[in-house]
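Colleague: One structure, as structure tokens, below. Some questions next.
The values are calculated or read from the model by the stated rules, or taken from the named source; none is laboratory data. All values derive from a computational prediction rather than experimental measurement. Here the Cβ positions follow ideal geometry from the backbone for every residue, glycine too, while neighbour counts run over all protein chains shown. Ligands, DNA and RNA are excluded from the accessible area calculation, which covers all protein heavy atoms including side chains. Shrake-Rupley method; radii C 1.70, N 1.55, O 1.52, S 1.80 Å.
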Amino acid sequence: MLFWTLEILAVVAIIFVCTKIKFVFEPLFTFVSVVFVPFVIAGFLFYMLNPLVTRLSKLRYKKFGLNRSFASLFVVLILVLIILGGIGLLIPTIINEFTSLVKALPDTANQINKIISKLSESKLFKQVDFSTYLDKVDSKIGTYAETFLTGLSKSLGTIISTITSVTVVAITVPVMLFYMLKDGQKLVPSIQKITPGKRSDEVSGLLTKMSATLSSYISGQVIECLFVAVFTTIGYLIIGQPLAVVLGIIAGMANIIPYVGPYIGITPALIVSLTMAQDKIIWVIIIVLIVQQVDGNIIYPNIIGKSLNIHPLTIIVLLLAAGNIAGIAGMILCIPFYAVVRTIVVYFWDIYQLDKQD
């Protein structure tokens, strides 16, 4: 007990000292926060594109072939061209959809006024003095507008900073991705060289399993999100839903969050329907239900469920905890992080059991 008491006191003392000299770690935290986002995006793309680079580097035609460096550069360039082409195709559509939304706002406001007028004439609301409340709202509109403009002027610096950060990430990610694809296969041998001889194979096996887990999850998530985005957009276009392309893309991106994602994805569609096309609300719900049923019963179980084998209750608990700790980013990253940690624990437990039998 004396030993463990001293150990616990030592740990507490170290934590206390670290809190008092946190200024020493601030440059490290700043560096990590700056590098974290492009590193995660590049890592995400690496696990998607690494199998393609591996196959391209193995292709041979007589004496000609691509080495891994040229294959990596070729894949990164093709990816950049696809993204730029997609943005070029989507931007006019998105601008047209938002233009139609802005044009429809006056009609929407008139409809809301008519609804309020009808409600005020009904017996249920006749005793309520709506004029008093409307006068109060009118008197507050100027104040709200002034506050909004003041906040907008103050946030211009934040907007410029955000645009700068996005630009830096957009430039950094392709460079990081190229070097990851080019030298990624050298990571395991390099780690094996610095590990003790008899643990070298164990480290190699663990890293291979971790890589396979992440690769399966990321590839599956990409397929699932693309499926939801494409078929939700098609469904919205069929029923004539305003902002169909934008809302379909939002639904696909939101689907990266298990269980909670579909509710996040349908919320903007319902808001747009309520303001612009009330007759489309039921159809929006039907389309989302159909797409999510196909995704939940066919796509997710066969692509992601088999590779991770995580119980739904575990996923819900992880989402709740990660959402409170780190928001949307935590909800997105908690599942792959848990899968990797579980792979490590299970691997070492199996090794322990084998050593125990020997």
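Colleague: For residue 258, indicate whether it is under 21 Å from residue 90 (Cβ atoms), assigned to a loop (DSSP other than H, G, I, E, B) and open to solvent by less than 30 Å² (accessible area, probe 1.4 Å). Write out each step before concluding.
Modeller: Numbers: under 21 Å from residue 90 (Cβ atoms): no; assigned to a loop (DSSP other than H, G, I, E, B): yes; open to solvent by less than 30 Å² (accessible area, probe 1.4 Å): yes.
The answer is no for residue 258.
Colleague: Determine, yes or no, whether residue 125 is among the hydrophobic types (A, V, I, L, M, F, W, C), modelled with pLDDT under 80 and out of contact with any His (no Cβ under 9 Å at 6 or more places or on another chain).
Modeller: Values: among the hydrophobic types (A, V, I, L, M, F, W, C): yes; modelled with pLDDT under 80: yes; out of contact with any His (no Cβ under 9 Å at 6 or more places or on another chain): yes.
Yes; evaluated as a whole, the condition is true for this residue.
Colleague: Hey, could you check the range 303-322 for residues that are surrounded by 12 or more Cβ atoms within 10 Å (Cβ to Cβ) and at pLDDT below 70 and say which is farthest from residue 341 (Cα to Cα)?
Modeller: Checking each candidate, the answer is 303.
Colleague: Is there any pair with a first residue in the range 50-69 that is under 10 Å from residue 181 (Cα atoms) and a second that is hydroxyl-bearing (Ser, Thr, Tyr) and open to solvent by less than 40 Å² (accessible area, probe 1.4 Å) whose Cβ atoms are under 6 Å apart and which are 6 or more apart or on different chains, and what are they?
Modeller: From residues that are under 10 Å from residue 181 (Cα atoms), the pairs are 53/72; 68/57.
Colleague: Looking only at the range 185-227, which residues are over 23 Å from the mean Cα position of the chain (by Cα) and of a type in the set (Asp, Glu)?
Modeller: Here is the first cut: in the range 185-227, the ones over 23 Å from the mean Cα position of the chain (by Cα) are 185-209.
Passing the criteria: 201, 202.
Colleague: Here is a follow-up. For the range 56-66, name all the residues that are farther than 21 Å from residue 175 by Cα and assigned to a helix (DSSP H, G or I).
Modeller: Across the range 56-66, the qualifying residue is only 58.
Colleague: Now, a different point. Among 203, 188, which is the only one that is at pLDDT below 85, among the β-branched types (Val, Ile, Thr) and either under 19 Å from residue 43 (Cα atoms) or outside any helix (DSSP H, G or I) (or both)?
Modeller: The match here is 188.
Colleague: Further question: On the basis of being hydrophobic (A, V, I, L, M, F, W, C) and surrounded by 10 or more Cβ atoms within 10 Å (Cβ to Cβ), does residue 28 make the cut? Before you say what the answer is, go through the steps one by one.
Modeller: Numbers: hydrophobic (A, V, I, L, M, F, W, C): yes; surrounded by 10 or more Cβ atoms within 10 Å (Cβ to Cβ): no.
It is false that residue 28 is hydrophobic (A, V, I, L, M, F, W, C) and surrounded by 10 or more Cβ atoms within 10 Å (Cβ to Cβ).
Colleague: Here is a check on your reading of the model: is residue 230 within 20 Å of residue 294 (Cα to Cα), open to solvent by 40 Å² or more (accessible area, probe 1.4 Å) and either free of Cβ contacts under 8 Å to residues at least 24 places away in the same chain or within 23 Å of the chain's Cα centre (by Cα) (or both)?
Modeller: For residue 230, the condition - within 20 Å of residue 294 (Cα to Cα), open to solvent by 40 Å² or more (accessible area, probe 1.4 Å) and either free of Cβ contacts under 8 Å to residues at least 24 places away in the same chain or within 23 Å of the chain's Cα centre (by Cα) (or both) - is met.
Yes or no, residue by residue, for (1) open to solvent by less than 50 Å² (accessible area, probe 1.4 Å); (2) closer than 27 Å to residue 175 by Cβ; (3) within 22 Å of the chain's Cα centre (by Cα):
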site: 14; (1), (2), (3): no, no, no
site: 21; (1), (2), (3): no, no, no
site: 38; (1), (2), (3): yes, yes, yes
site: 46; (1), (2), (3): yes, yes, yes
site: 54; (1), (2), (3): yes, yes, no
site: 68; (1), (2), (3): yes, yes, no
site: 77; (1), (2), (3): no, yes, no
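Colleague: With 293, 241 as the choices, which residue is more than 19 Å from the chain's Cα centre (by Cα), polar (S, T, N, Q) and not in a helix (DSSP H, G or I)? Write out each step before concluding.
Modeller: On the way: 293 fails: not in a helix (DSSP H, G or I).
Residue meeting the stated conditions: 241.
Table: residues versus (1) open to solvent by less than 40 Å² (accessible area, probe 1.4 Å); (2) over 26 Å from residue 336 (Cβ atoms).
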| position | (1), (2) |
| --- | --- |
| 223 | no, no |
| 226 | no, no |
| 244 | yes, yes |
| 267 | no, no |
| 299 | yes, no |
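Colleague: Which numbered condition trips up residue 47, out of (1) at pLDDT 85 or above; (2) touching a Phe, Trp or Tyr at 6+ places or on another chain (Cβ under 9 Å)?
Modeller: (1)
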